[in-house]
């Protein structure tokens, strides 16, 4: 007898799950299905599991493919089960290709190709359908985005759009997407929501077009380069009953949410100062440094450094000023933004050609908090006092690329759970757009003056 084993959450059971189990069954004579517990799902990074363990087991039982159903609840269990049940074949979906190669020592490992055209539930009526998501753009972040989606229940990537058909086709083939388009109108026809990862200056137009087509939007930062435009897009989304979210992953990460809770508790007293720094070294030929209109460190990175400032102090600042170091093409390689509030101050430091310690420091009247670099992942931070014996350190998980957290909140918002919107409010996104708009206006004045000076020489 040839024994086969497979594992999964099998949350929101749909046709793809059904076909995977069917194909797994066809690999042998006896199929064992391991269903993960909620706690183990959380441990391995699977977010927002909707169905209970018993519901998920019942869905599998209903298919008739499983000869035996077991529970997976701890790390290392797969090896234990393979040995215990004398398994011949371990199988799982192809989106996990390579991850379970270590099991080849114990049995044959087969990765099954994903099922296309999964857009609806199968075995029972649902309160909501699986969200059909399309991606606009095929850049670096889009390549990191797709692997993160599999950790979130209730959403499936259907298609990709790029005005360059060859780029769209290559991207779709790489990630085995159902469809690719170079026509935006056709792309929007058969999806429920879009994720926008295009050049900054094109975000607004894509958002507007998608919302007018009644599609929910998750847009990469910066969402817009204009305060007024940000306000109009949020108003448009409200009028069309669509969700519009800005994808700043730090805002949705568990560690950052925990950090804000501690700050708001008053444990370090009144907050007087925030210093946020995000720098990285980039090749001068990259878009971030070669785009003379919309490139530069502040446009590229300030969404992160402005986040703790606006979260802690709000948007009612009294004064803001900028100081930058510019490259020869007029793009800022390092920028400091200084904020003055009524009883506090803040500094944002961003760099693409200058490297500094990527810390976040929050100073209060009773103590201060240091968030270790890279702080935007918020994996650990320490509360420090005058009396060092009182110091306390906190550790939290930041799983994968962290994009799964914003995706999970996006899905929740679409399904009517907008209580999580406090993680990044509309007003905060508008504030960030305002700061970028102010900075670009000042930078353009400085650049024009510099060009004029050079022409006179």
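Could you please let me know if residue 259 is in a helix (DSSP H, G or I), assigned by TED's automatic domain parsing to the domain that holds residue 368 and either more than 25 Å from residue 404 (Cβ to Cβ) or in contact with a helix residue (DSSP H, G or I) (Cβ under 9 Å, 6 or more places away or on another chain) (or both)? Judged against the criteria, residue 259 is a match. Flag set for residue 311, criterion: closer than 30 Å to residue 42 by Cα, surrounded by fewer than 23 Cβ atoms within 10 Å (Cβ to Cβ) and within 26 Å of the chain's Cα centre (by Cα). Filtering segment 276-334 to residues that are in a loop (DSSP other than H, G, I, E, B) and within 17 Å of residue 356 (Cα to Cα) leaves 280, 281, 282, 283, 296. For residue 100, state whether it is closer than 30 Å to residue 62 by Cα, at pLDDT 90 or above and surrounded by 15 or more Cβ atoms within 10 Å (Cβ to Cβ). Yes; evaluated as a whole, the condition is true for this residue.
Say whether the condition of being surrounded by fewer than 18 Cβ atoms within 10 Å (Cβ to Cβ), outside any helix (DSSP H, G or I) and out of contact with any helix residue (DSSP H, G or I) (no Cβ under 6 Å at 6 or more places or on another chain) is met by at least one residue in segment 3-26. No: zero hits.
For segment 315-335, the criterion of a residue being crowded, with 16+ Cβ neighbours inside 10 Å and either out of contact with any helix residue (DSSP H, G or I) (no Cβ under 9 Å at 6 or more places or on another chain) or without any contact (Cβ under 8 Å) to a residue 12 or more places away in the chain (or both) is satisfied by no position. Once segment 49-66 is narrowed to residues that are crowded, with 20+ Cβ neighbours inside 10 Å, in a helix (DSSP H, G or I) and touching a strand residue (DSSP E or B) at 6+ places or on another chain (Cβ under 6 Å), the residue that is modelled with the highest pLDDT is 60. The residues of segment 67-93 that are in a strand (DSSP E or B) and either within 30 Å of the chain's Cα centre (by Cα) or surrounded by 15 or more Cβ atoms within 10 Å (Cβ to Cβ) (or both), listed by number, are 69, 70, 71, 72, 89, 90, 91, 92, 93. Has segment 35-43 got at least one residue that is outside the structural domain of residue 149 (by TED's automatic domain parsing), part of a helix (DSSP H, G or I) and touching a strand residue (DSSP E or B) at 6+ places or on another chain (Cβ under 7 Å)? For segment 35-43, residues outside the structural domain of residue 149 (by TED's automatic domain parsing), part of a helix (DSSP H, G or I) and touching a strand residue (DSSP E or B) at 6+ places or on another chain (Cβ under 7 Å): present. If you go through segment 386-424 and keep only what is in contact (Cβ under 8 Å) with a residue 40 or more places away in the chain and more than 29 Å from residue 197 (Cβ to Cβ), you end up with just 394.
Here's the yes/no breakdown for (1) part of a helix (DSSP H, G or I); (2) buried (at least 21 other Cβ atoms within 10 Å of the Cβ); (3) touching a residue at least 40 places away in the same chain (Cβ under 8 Å):
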{"site": "141", "(1), (2), (3)": "yes, no, yes"}
{"site": "145", "(1), (2), (3)": "yes, yes, yes"}
{"site": "166", "(1), (2), (3)": "yes, no, no"}
{"site": "173", "(1), (2), (3)": "yes, no, no"}
{"site": "187", "(1), (2), (3)": "yes, yes, yes"}
{"site": "195", "(1), (2), (3)": "no, yes, yes"}
{"site": "201", "(1), (2), (3)": "yes, no, yes"}
{"site": "205", "(1), (2), (3)": "yes, no, no"}
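The values are calculated or read from the model by the stated rules, or taken from the named source; none is laboratory data. Worth saying up front: this structure is predicted, and the values here are computed from it rather than measured. Note: ideal-geometry Cβ built from the backbone for every residue, glycine included; neighbour counts use all protein chains shown.
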